[in-house]
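Student: Mind looking over this structure? Questions follow.
The values are calculated or read from the model by the stated rules, or taken from the named source; none is laboratory data. In this text the structure is predicted, and so the values were computed from the model without any measurement. When we count neighbours, we look across all protein chains shown, and the Cβ atoms used for this are built from the backbone with ideal geometry, even at glycine. SASA here: full protein model, heavy atoms, side chains in, ligands and nucleic acids out. Shrake-Rupley method; radii C 1.70, N 1.55, O 1.52, S 1.80 Å.
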Amino acid sequence: MAYPDDGTVQTWLDALHGLNIRLKKMFGCYCVYCDGVAVGWLSGEVFSLREVGLDLLPAGLRRPAPGDSIQEIVIPLDEYAAPWLPKAVQATADRLKADPSRRRR
């Protein structure tokens, strides 16, 4: 994993404007929190959103299989302005808050 440059971080933050977003450096990337819940990672130019079974994601995104060790959906930088993205981030946080067993320790 690699830290994204400042411009890339700002692009993703602008895309999520209006949400309660916080970033924390860890493991060579940024952990992305929404409403205090870890919802994904910023690494290089991609945002990896935790898989929680949302129906509103576009079909073109690769979703992990149930048995995959990494349960994240990689979203490329060219999707930053997609109207579904902020909704997906908020919905991910809401699902994780509603089901604490899905949260990472």
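Student: Would you mind finding the one in Glu45, Glu79, Glu72 that is under 21 Å from Asp5 (Cα atoms), in contact with a strand residue (DSSP E or B) (Cβ under 9 Å, 6 or more places away or on another chain) and modelled with pLDDT under 95?
Tutor: Glu79
Student: Still on this structure: What number of residues within the range 82-94 satisfy the criterion of being out of contact with any strand residue (DSSP E or B) (no Cβ under 9 Å at 6 or more places or on another chain) and open to solvent by 40 Å² or more (accessible area, probe 1.4 Å)?
Tutor: Count: 2.
Student: Do any strands (runs of 3 or more DSSP E) entirely within the range 25-70 hold 3 or more residues that are touching a residue at least 40 places away in the same chain (Cβ under 8 Å) and open to solvent by 20 Å² or more (accessible area, probe 1.4 Å), and if so, which?
Tutor: 37-43
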